[in-house]
Structure formats: structure tokens, C-alpha cells
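Below is one structure, written out as C-alpha cells; comments come after it.
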Amino acid sequence: MKVLVTGSAGHLGEGLVRTLNGAEHEVVGLDTLQSGFTSHIGSIADRVFLRRCLGGVRTVFHTATLHKPHVATHSRQDFVDTNVTGTLNLLEEAVAADVETFVFTSTTSVFGHTLIPPAAAPAGWVTEDLTPIPKNIYGVTKAAAEDLCQLFHRDYGLACIILRTSRFFPEQDDDPEARNAYGDENHKANEYLFRRVDLEDAVDAHLLAAKRAPSVGFGRYIISATSPFSPDDLPELRADAPRVVRRYVPHEAEYWRRGWKMLPSIDRVYVNERARRELGWQPRYDFKFVINRLKSGDELRSSLARAVGSKGYHARAFSGRRYPTTGVVS
């Protein structure tokens with residue numbers, strides 16, 4: 001089957017191309033950047049370019065986007081041009097090319113201001129039923145692109161699946177307080193409790209979404225590691241997260257050995273139950289799995305995540321600012 005992957009030079013795009021090539025699909029990799037996984041260099045803002053790329057394509061994986069770190073370097077109009085207009089162009093050309101399935105990579109950032117409850121409230125239980133209130137142009141444009149996907153399903157019958165992925169990037173956190181308080185691996189291990197997913201699991205979710213799209217028609221799914229918590233834990237999670245974590249996953253010995261520490265409070269939990277139930281997704285990398293890998297001396301990340309590596313988002317560092325990662329814009 002012939003498939004198109006936009007953003008093929010990025011983390012998820014490369015992961016998809018690597019995996020699809022291994023399954024002997026005919027893959028069209030599209031990006032503005034040259035890479036070993038990009039067969040067509042160009043922009044999703046260019047409709048003629050898209051038309052050439054889509055010939056014979058049956059499934060589109062649309063991962064190309066301006067990300068949250070690009071807020072530091074790109075205008076709001078840039079975000080609209082790429083994330084909204086680019087997605088509209090791709091949807092229109094996909095319908096014209098008789099594409100059967102469209103999988104759109106969105107983000108849990110669309111939830112925005114609804115993610116963190118007031119200070120005295122329990123932690124938030126974040127499901128697909130939570131109403132998004134985006135807090136920056138990134139979230140606004142991704143939410144708008146989601147709505148375009150729904151429109152094209154309704155008006156043209158295009159099978160569209162939206163995957164709201166949590167964090168899978170290997171770069172350091174963009175929050176200087178988090179970077180100062182925790183080592184990078186320590187912080188990422190903690191995040192598997194409530195807001196991180198391994199790249200391999202994210203790729204698997206996309207492949208399953210494409211497979212199930214014809215029967216689902218349209219759906220939105222949170223893609224994040226399976227949390228050990230339940231709604232009953234939410235008040236205590238906000239007040240004393242280490243105590244709650246201890247009940248589910250003994251981790252102290254491995255953390256002590258590395259000089260790591262647990263978050264004192266967790267303010268929200270991403271819930272992946274709908275994706276597991278409706279897509280048949282079975283993510284491997286949760287907090288318990290990570291602790292077992294620590295015990296055995298293995299890498300926290302999957303082999304796919306290690307192979308893809310770090311991409312960065314910017315051509316320069318931002319000293320003293322929120323976006324420390326370096327590398328090319330992808």
C-alpha cells in the first residue's frame with residue numbers, strides 16, 4: 001500500500017517512515033528538510049506540490065507541524081499558514097486524490113487552560129470529553145486543524161482519526177524550573193506516570209489508527225502512557241504524589257540509587273482508555289515498565305526512539321529563556 005507521511009524529517013515522521021518501510025509499504029516522505037527519510041522536499045502550503053505527492057496514496061499520516069517551541073521563533077501567521085492552511089490543503093488534495101484514510105497528529109496541548117485545576121482542587125482527569133481551551137497559538141491552530149478533519153469526514157466521508165499525543169520528544173524540557181529541579185532522565189521517567197509516551201508506542205498508535213479508521217469513521221484519542229492511577233487518587237495526587245505512586249509501583253530503590261526524586265505533586269493525568277478500547281492500542285512503556293528497565297540496566301527509551309534520536313527545534317540556543325533545545329527547525 002502506498003502511504004504519505006508529512007513531517008518525515010521530524011521525530012514521529014521518521015519513526016513512522018522507518019516502521020512502514022520495514023513493513024514493505026511504499027512510503028512517500030514529505031518535509032521541508034532533507035533527510036534520509038524524506039523523498040519529496042517541499043511545503044504543505046504548496047498545493048501543486050501536494051498534488052504531485054498524493055498520486056496513488058491510500059493513507060495519509062499528517063505529522064508535519066509547527067510545535068510549541070516554535071512560538072519563540074515564528075509568528076502567529078506562520079502557525080496559521082502551516083498548521084491550519086497546510087492541513088486544509090492536504091485534506092482537500094487528499095479528497096481529490098481518493099485517499100481512504102487520514103491520520104492527524106494533534107497534541108494534548110489543545111486542552112490548554114483546562115489541564116490544570118485550581119490550586120486547592122484535585123488533579124485533573126484528562127479524557128477526550130474535556131473541552132479544550134487552548135492557551136497559545138500552537139494549541140489554537142492544532143484545535144482548528146482537528147475541526148477541519150471532522151468537517152472533511154462529515155462532508156466527504158473521509159475516514160479521519162485524530163491522535164492527541166503527549167510528550168515523546170527526547171529534548172530537554174522547555175521549563176527552566178523543571179530542568180533545574182530534576183535530571184533529564186529523572187524528569188522523563190516521572191512523566192510516564194501522567195503525560196509521556198514512548199515514540200515506539202506513538203508510532204504503533206498511528207498504525208492502528210490507520211487500520212481502524214474505516215470502521216471508526218472519525219474519532220479523537222489521547223495517546224499517552226497508561227497511568228496506574230484512578231479517579232479516586234486525584235485529591236491525594238495533588239497533595240502527596242510520592243505516597244500514591246509508592247502504592248502502585250515500588251520505585252524508591254531505583255530512584256535512590258540514582259539520586260532521583262519523585263514529583264511532590266501531579267496536577268493532571270492523561271487517560272488513554274478510549275484508544276486502548278477502540279483502537280486496540282497496547283502501549284508497553286508505562287512507569288512500571290520503565291522501573292523494570294532501570295532495574296535491568298536497560299535504556300529508558302525504545303530502540304526506535306534511540307534510532308531516531310534528538311532533532312532539536314531551533315538553529316540556536318536561547319540562553320535564559322524557555323526554549324533551550326538546539327538543532328534544525330523540523
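The values are calculated or read from the model by the stated rules, or taken from the named source; none is laboratory data. Because the structure is predicted, anything quoted here is derived from the model rather than measured. When we count neighbours, we look across all protein chains shown, and the Cβ atoms used for this are built from the backbone with ideal geometry, even at glycine.
Restricted to region 245-269, and to residues there that are within 26 Å of the chain's Cα centre (by Cα) and in a helix (DSSP H, G or I), the residue that is surrounded by the fewest Cβ atoms within 10 Å (Cβ to Cβ) is TYR248.
All conditions in (1) closer than 29 Å to SER106 by Cβ; (2) free of Cβ contacts under 8 Å to residues at least 40 places away in the same chain; (3) of a type in the set (Gly, Ala, Ser) hold for ALA253, with the sole exception of (1).
Filtering region 113-126 to residues that are under 20 Å from SER227 (Cα atoms), of a type outside the set (A, V, I, L, M) and touching a Lys or Arg at 6+ places or on another chain (Cβ under 7 Å) leaves PRO122, GLY124. Would you call ALA189 within 27 Å of VAL308 (Cα to Cα), free of Cβ contacts under 8 Å to residues at least 40 places away in the same chain and hydrophobic (A, V, I, L, M, F, W, C)? No. Counting only helices (runs of 4 or more DSSP H) that sit wholly inside region 1-117, not one has at least 3 residues that are of a type in the set (A, V, I, L, M, F, W, C) and under 17 Å from TYR138 (Cβ atoms). For region 177-206, the set of residues classified as over 20 Å from TYR255 (Cβ atoms), of a type in the set (A, V, I, L, M) and in contact with a strand residue (DSSP E or B) (Cβ under 9 Å, 6 or more places away or on another chain) consists of VAL197, ALA202, ALA205, listed by residue number.
For region 88-105, does any single residue satisfy the condition of being within 25 Å of PHE169 (Cα to Cα) and either surrounded by fewer than 19 Cβ atoms within 10 Å (Cβ to Cβ) or modelled with pLDDT under 95 (or both)? The answer is no; no qualifying residue exists. Which fully enclosed helices (runs of 4 or more DSSP H) of region 128-218 have 1 or more residues being crowded, with 21+ Cβ neighbours inside 10 Å? Qualifying helices (runs of 4 or more DSSP H): 137-156, 184-191, 199-216. For region 110-125, give me each residue that is touching a helix residue (DSSP H, G or I) at 6+ places or on another chain (Cβ under 7 Å) and buried (at least 22 other Cβ atoms within 10 Å of the Cβ). Scanning region 110-125 gives VAL110, ALA123.
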